[in-house]
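Structure record follows, encoded as structure tokens.
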Amino acid sequence: MKQAFILIIYFILSASIVAQSVTVKGKLVSAADNAELPYATISVAREAAPAIVVKKMATQEDGTFSTILAPGKYILSFHYVGMNDLEKRVEVATSQNPLDIGVVAMTETSVLLEEVSVTAQKPLVKVEIDKLTYSVQDDPEATTSNVLDLLRKVPLITVDGEDEIQLKGSSNFKIYLNGKPSNMISGNPSQVLKSMPASSIKDIEVITDPGARYDAEGIGGIINIITDKRADDGYSGSVGANGDTFGGYGGNAYLATKYGKVGFTGNAGYFQHTRPASESSFTREETAPANQLTQMGTSESEGGGLFLSGTFSFEPDTLNLFNLSASRFGGKFNSLSMQEASSSGARTYSYNTRSNSISQFGGINLSADYQRSFSRKGEMFTASYRFEHDPNDSEYDSEYDNVIDINDTFYYPDGYQLKSENNAGGREHTGQVDYVNPLNGKHSIEAGIKYIFRDNSSRADHSFFDVDDQAWKPDLDRKNDLDHSQNITSGYAGYGFKSGKMGLKLGLRGEQTEQEIHFMSNDLDTIIETRFFDMVPSVALSYQLGMTQTLRGGYNMRISRPGIWYLNPYINDVDPNNISYGNRHLDAEQQHNFNINYGTFSQKLNFNATLSYSFAKNAVTRYSFIRDGVTHSTYDNIGRNQTVGTNLYVSWTPSQIIRTYLNGGVNYTDIQSTEDSALRNSGFSGRAFGGLTFTLPKDFRLGANGGAFMSRVQLQTKQTPFYFYSFSMMKSFLDKKLDVSLNLQNLFSKYRKNSATTTGEGFWQESISNQPMRTLRLSVTYRFGDLKTSMKRVQRGITNEDVLEGESSSQQGTTTTPTGN
């Protein structure tokens, strides 16, 4: 009876305490720009005993917080990286429940040393509903690296030893610059990104579930590179130089400035690439008729390029923003190859050849943007125009000597010479209008329209040296010219929902394409007109499992319209036994993508895992076949493939001294030809890249990085696995203004052997190359200007002029770009 009485009294007291408890809530923001401060630490103590903490909590992703307190007087202490600590006194009474203390604003700290000391605590990767964001400015190696080097560390992205970029194991993706498609970068990604210093980049976004506002092009997804810019008056910048033992060298410069209502960001980079001679061999065996061809040769190359970009911004008031941008990238590569060839069997001959080739690349990009904001945060209207010109010219000359033709089956007589020039490229005009409206804390809408006009062309000039007449003559039989125009009209609508721990984004995009292909040869002049309409749906879901854990899932359909590189009928016959050309009859490829992603982060551990599945029924596929003793390589919509893949990213910082990471994945692919059932291949492919960095006293750092790649599964070709590695040392001087870095690649392997085997009906062929890899590179970077302000911005990762750079936060917790469609 006594125990029952005590239990009743306990429940009465507990109910009384609960009834007297009060919910205290509020929102934590930055005083500078009202940006939400997520995952800040809040300590609660009674006013009578301020040294004794009675409760601790963290703010939500949107900066809000809520807790239950008994009546009384309290002191709430707020702490956030890069901000001054703040205390707020609160009196809790039952007469006001819940108690909303409103917006609490924190100011930036002015002590630079404190900010620098906590830089390593900020996670490098942020997970959002439709993308991952890698904070380049929080990577300590960004000061002396280029953008291509940093891409190796970004989740879902891998860069192999040949600097080929893959997104989720696919080479078919789009690269955006500040939320806008960039054909200039997508066409020459390795060369352009090598020219851009990583110190000029703020974030790299991997958009795994492109919503309706984005173009449907890009099978694998979108890589969005966001450049840095100043949010306050002043200037900051950097200059750098580098050189390697191959004989290559380069330099770069970056400047960001803002005074009053006008801002400017500029970037310049130059590189000179030199590759020592590499050795190669080629063997082809045919069965009908029986024949064997062997080729042995060497090749070497050199070239360079210049990258320039600049953006002017004008902000007449807090509601209007104008941007003007221009960029130019151009360069060329020269290569010299020498070869000895012999054929035996049905065709018996031998010859020597010497070939010089020049490839020119580059592009011009001009854009203008206007953004109108409204009183409701996040509501905005954007209008923009973009012009892009992307030349892709090439030329070569070849000469043949020591020709021995036993049964008159070789193509050219002794002393024969060839010349060929191809002027190819395209122009693109884009206009678009976008509107975004976060209706309230739960719902948001977006809509927009876009028009693209593309004009691609290819013109070639062929000539040969007539051995009998000893004169150069035009070769009209080799004429293959092309005009290709596209008119693409699109519109989209999207809806977002956010409630508690769950987020949802739905989108639907429609794209009408009208194209004309005009093909001109010596005996044929035809025009093909086609029209087609694509409906592109997208769905993205997210659920917050915990304060730092997120589960995401999504579906999207992507299309790939073949560009001039795939359509160009120009025949590259610098090697008469192995020729390649495009296919003017290609159709757009459609691919369906499903994925599930789990991400968690803390101050020390960052983990992200993705499981994906994709399939396509009309994939643009490269294939090879034999005709009259010549290997032909071209493209066609003959691929039916499906891929199941995993991607894993882990970054661990056990202390301020050590940081390590691993980035990679494994795919299983099944691919088959829709026209030849015998052409089919399946298997596993994988890639991994990891590294370890030691930050030592006196601003000294040591690093080691390495990568390994399994063979990619292709329709007819298998490649051998390969690996690469590097060691680096970096030292900072002059109060962290000057960085000097040494990077040693493949110390124990002077050459790397690559081989590829291709099989088809009636033939088998293998190519082997030994490429020089061991090299030492020296990089020097000097930063100048108002570094203190710049460092504070790096700490918080916040930029004022968000919208046109893909940084505007919406109620869904995303940072997608209003001009990204």
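The values are calculated or read from the model by the stated rules, or taken from the named source; none is laboratory data. No experiment lies behind these values; they were computed from the predicted model shown. All Cβ positions, even for glycine, are placed from backbone atoms using ideal geometry, and neighbour counts span all protein chains on display. The protein model used for the area step is the full one, side chains on, heavy atoms only, and it has no ligands, DNA or RNA in it. Shrake-Rupley method; radii C 1.70, N 1.55, O 1.52, S 1.80 Å.
Of note:
- Exactly one residue out of Leu255, Leu321, Leu336, Leu293 is open to solvent by 50 Å² or more (accessible area, probe 1.4 Å) and not aromatic (Phe, Trp, Tyr): that is Leu255.
- Among the residues making up the range 252-299, those that are of a type in the set (Lys, Arg) and in a strand (DSSP E or B) are Lys258, Arg275, Arg284.
- Residues that are modelled with pLDDT under 85, of a type in the set (D, E, K, R) and open to solvent by 50 Å² or more (accessible area, probe 1.4 Å) are absent from the range 605-625 altogether.
- The set of residues from the range 225-251 being at pLDDT 90 or above and not hydrophobic (A, V, I, L, M, F, W, C) comprises Gly240, Asn242, Gly243, Asp244, Thr245, Gly247, Gly248, Tyr249, Gly250, Gly251.
- For the range 75-101, a residue qualifies if it is of a type in the set (S, T, N, Q) and either within 17 Å of Leu37 (Cβ to Cβ) or not in a loop (DSSP other than H, G, I, E, B) (or both), and the qualifying residues are Ser77, Asn84.
- Selection from the range 540-567 of residues that are assigned to a loop (DSSP other than H, G, I, E, B) and either surrounded by fewer than 17 Cβ atoms within 10 Å (Cβ to Cβ) or touching a Cys at 6+ places or on another chain (Cβ under 7 Å) (or both): Met547
- Among the residues making up the range 579-598, those that are buried (at least 19 other Cβ atoms within 10 Å of the Cβ) and part of a loop (DSSP other than H, G, I, E, B) are Gly582, Arg584, Leu586, Ala588.
- Note on the range 642-668: residues that are part of a strand (DSSP E or B) and either crowded, with 20+ Cβ neighbours inside 10 Å or touching a Lys or Arg at 6+ places or on another chain (Cβ under 6 Å) (or both) amount to 11.
- The residues on offer are Thr67, Thr94, and the sole one that is more than 26 Å from Tyr543 (Cα to Cα), of a type in the set (Ser, Thr, Tyr) and out of contact with any Phe, Trp or Tyr (no Cβ under 7 Å at 6 or more places or on another chain) is Thr94.
- Cβ-Cβ under 8 Å pairs, at least 6 apart or on other chains, the range 699-710 side in a strand (DSSP E or B), far side acidic (Asp, Glu): Arg701/Glu141; Gly703/Glu141; Gly707/Asp160; Phe709/Asp160
- All positions within the range 258-290 that are β-branched (Val, Ile, Thr) and open to solvent by less than 50 Å² (accessible area, probe 1.4 Å): Thr265, Thr274, Thr283
- Checked against (1) open to solvent by less than 30 Å² (accessible area, probe 1.4 Å); (2) modelled with pLDDT of 85 or more; (3) of a type in the set (A, V, I, L, M, F, W, C), Ala49 meets all criteria but (1).
- Among the residues of the range 522-552, those that are of a type in the set (Ser, Thr, Tyr) and more than 23 Å from Gly496 (Cβ to Cβ) comprise Thr526, Thr530.
- Test set (1) assigned to a strand (DSSP E or B); (2) at negative phi - Arg347 fails condition number: (1)
- Of residues in the range 712-722 being part of a loop (DSSP other than H, G, I, E, B) and farther than 16 Å from Asn641 by Cβ, the one farthest from the chain's Cα centre (by Cα): Thr720
- Lys473 fulfils the conditions (1) free of Cβ contacts under 8 Å to residues at least 12 places away in the same chain; (2) open to solvent by less than 20 Å² (accessible area, probe 1.4 Å); (3) among the basic types (Lys, Arg) except for a single criterion, (2).
- Every residue from the range 66-89 that is modelled with pLDDT of 90 or more and of a type in the set (Phe, Trp, Tyr): Tyr74, Phe78
- Subset of the range 486-504 (residues that are assigned to a strand (DSSP E or B) and open to solvent by 30 Å² or more (accessible area, probe 1.4 Å)): Asn487, Thr489, Ala493, Tyr495, Phe497, Lys498, Ser499, Met502, Leu504
- Selection within the range 122-159: residues that are closer than 24 Å to Asp739 by Cβ and among the basic types (Lys, Arg). The member of this set that is most open to solvent (accessible area, probe 1.4 Å) is Lys122.
- Candidates Gly553, Gly491 - the one that is touching a residue at least 40 places away in the same chain (Cβ under 8 Å) and more than 24 Å from Tyr435 (Cβ to Cβ): Gly553
- Comparison of Pro576, Pro537 shows that the only residue that is open to solvent by less than 20 Å² (accessible area, probe 1.4 Å), touching a residue at least 12 places away in the same chain (Cβ under 8 Å) and of a type outside the set (D, E, K, R) is Pro576.
- Selection within the range 630-665 - farther than 30 Å from Thr693 by Cα and of a type in the set (Ser, Thr, Tyr): Thr631, Ser633, Thr634, Tyr635, Thr643
- Across the range 63-73, the number of residues qualifying as within 49 Å of the chain's Cα centre (by Cα) and open to solvent by 70 Å² or more (accessible area, probe 1.4 Å) comes to 2.
- Scanning the range 772-787 for residues that are open to solvent by 40 Å² or more (accessible area, probe 1.4 Å), at pLDDT below 90 and part of a strand (DSSP E or B) gives Arg783, Phe784.
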